[in-house]
Amino acid sequence: MKIIVNGKETIINENARNLLEALKEIGIEIPNLCYLSETSIYGACRMCLVEVDGQITTSCSIKPYEGMNVKTHTPEIYEMRRGILELLLASHNRDCTTCDRSGNCKLQRYAEEFGIRKVRFDNIDKSNIIDYSSVIIRDNSKCILCGDCVRVCEEVQSIGAIDFAFRGFEAQVMPAFGEKLVNTNCVLCGQCVTHCPTGALTFRNDIEKVYKAMKEGKYMIAMMAPAVRASIQEELGLENDLVVAGRIVNFLKSIGFKKVFDVSFAADLVAYEEAYEFKQRLEKGEKLPQFTSCCPGWVKFAEHHYPEFLDNLSTVKSPQQVLGSIIKKHYAKEIGVAPEDICLVSIMPCTAKKFEAEREELEGEVDIVITTRELSEIIRSSGFDLKNVSPLPFDRPYGLSSQAGLSFGKTGGVFASVLRVLEDELGIQDVQTNVMEKGINLTIAKMKDGNTVRGLIVFGLGNVKKVIGKIKNGELDVDIVEVMACDFGCVGGGGQPYPNNKEVRMKRAEILKEVVGIDGLISPTENYHMLSLYEKYLKHPLSHEAHETLHTIYKN
Ligand code: HC1
Ligand code: SF4
């Protein structure tokens, strides 16, 4: 479609959702604080004003049309945007130096870009009560009422744990009846945090706990999730570095960690155990479809909203907890260190993993969970330039993983790994995948014995709600469902670097695909250290010993 942009005839994508997106595609980024491509359009911040055919209008709410005459940056528009920013800043707590979002805050960035060094208006004192009740921290004195968190929580995750309350100057975002977040149905997915443009929503920082444990002389062990190696590069100027995991192993060793293991090892183990669990359910024809259970946001969502499906969840713990349990139960004895003298630090892309490690029935397995962002803070504050740190392999035995285990970090990885094990055990003739809609894929595997396995791969809890509705009313007949709460799987987790939008998440999934490609072992069944764990302690899948160490319970 031809339009005029700043006096020049320009071709734009006629299918763009709105003018703002069409302009972005041709390299003009219109400032905005409340526009999200994955939610409804809100139009609250008014920062995306442009001039269309002589009228000032918001570019997020107008569809491009043939021949429209657009001016994106006139003195009038500049003044209006600057005025909006000043008003926002006047009601914003500007403690930037200690703010978690400093350096990553859209409001701070715009204030700098628009040359605002002084705010003309008096600062409006907003309630400064910070909700520290949960892993997700809410500070309304930094909220600019853009509503991004409200829309993501309601529209993408179908949870609605937070909403607008009160009017005018009193308006605030909060859980219903002013409850603390911990008392709501929030699943700690952190998607509100990743979409918040300021420091109003952040997550608990646990770096101090790591240093405290070191100071106390604990035997420090780290373990790293698959998705971390696809994203931490963004924070460290190491774009596309495929061996960043190895550099991190070396770095962690140099600051005092005795061992560094790979959570992908435990992912192999989980896929192996879960495949046998699935096979048993298929044979017995019970508790189907089987839902994967390694995403703690999804588990909490099921506990709140689908108690009738809790028996369908795989009882195998997540890889994080499986490795925690093995290290504390068996590895501690092997190295002659009391479990209470070990400090196991899990490095995760996910905010809900902090909550998972603190669940009553899993307590004591993992001591501290830090996110990709916290690890990057540790690296940057230590002064190390990771580029100059050579990669080291993960420690054995829990550092070996197959391609399947590594692929857990992106959507489809868990199901593909379970399928790999089934393939090795039962034989598969043919696999076909159909995209049903964004975030919902159906894979049909024809087994050698003539049976078929219908697997559904779902991300986003809103999609899960849709899918469960269809399973309940018989519209959808599937045997196994992989669920990840965040878009594109763990690569899009709430603890990942900012920005954490669709484009970035897709790129991380691509990087992870390349990392996965490097590894020699293909199937979990080839992971010889995993198999020897069965020989030594677990006996065989679903054994009493395996149940004691690898399985868990859910609560409603
Ligand atoms: Fe995940 Fe998992 S894949 S949940 O996405 O099963 O967080 O990366 O570590 O536990 O392995 C997250 C990632 C992660 C677990 C594994
Ligand atoms: Fe909603 Fe997830 Fe944020 Fe909780 S963490 S308020 S569930 S978006």
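For the chain, what proportion of DSSP beta bridges, expressed in % and rounded to the nearest 5, is antiparallel?
Working: 34 of 58 bridges.
Restricted to the chain, the bridges split so that about 60 percent are antiparallel.
With the highest mean first, a sort of the peptides 479-491, 130-142, 157-169 on other beta-carbon atoms found within 10 angstrom per residue produces 479-491, 130-142, 157-169.
Decide, for the chain, between rounded, prolate and oblate: order the square roots of the alpha carbon gyration tensor eigenvalues as a ≥ b ≥ c, take rounded if a/c falls under 1.5, and otherwise choose prolate if a/b is larger than b/c, else oblate.
On the way: a/c = 1.86, a/b = 1.49, b/c = 1.25.
Note, shape of the chain comes out prolate.
Among 179-186, 532-539, 340-347, sorting by the average number of other beta carbon atoms lying within 10 angstrom of each residue, highest first, gives 340-347, 179-186, 532-539. Shape analysis of the range 327-413 places it in the rounded category; the axes a ≥ b ≥ c from the Cα gyration tensor give an a/c below 1.5. Ranked by how many other Cβ atoms sit within 10 Å of their own Cβ, fewest first, the residues HIS305, HIS540 fall in the order HIS540, HIS305.
Using 24 Å as the Cα-Cα cut-off, could you pick out the over-long pairs in LYS333/LYS539; LYS259/LYS329; LYS279/LYS502; LYS329/LYS536? The partial results should precede the final answer.
Details: LYS333/LYS539 18 Å; LYS259/LYS329 16 Å; LYS279/LYS502 35 Å; LYS329/LYS536 13 Å.
Violating the 24 Å limit, Cα to Cα: LYS279/LYS502.
The Cα-based radius of gyration and maximum Cα-Cα distance (Dmax) for the range 84-203 are 14.1, 42 Å.
State which helices in the chain qualify, where a helix is a whole DSSP H run, it must extend 20 Å or more along its own axis by its Cα atoms, and its mean Kyte-Doolittle hydropathy must be at least -1.0. Qualifying helices, which must be both long enough and hydrophobic enough, are 75-90, 263-284, 502-518. In this structure, the amide hydrogen of LEU521, modeled 1.01 Å from its nitrogen in the peptide plane, lies closer than 5 angstrom to those of GLN403, counting only residues at least 5 positions away or on a different chain. Taking a ≥ b ≥ c as the square roots of the eigenvalues of the Cα gyration tensor, an a/c ratio of 1.5 or more together with a/b no larger than b/c marks the range 370-492 as oblate.
Readers should treat all values here as calculations from the given coordinates under stated rules, not as data from a laboratory. Note that the structure is predicted; figures quoted are calculated from it, not measured. With ideal geometry, Cβ positions are generated from the backbone for all residues, glycine too; neighbour counts draw on all protein chains shown.
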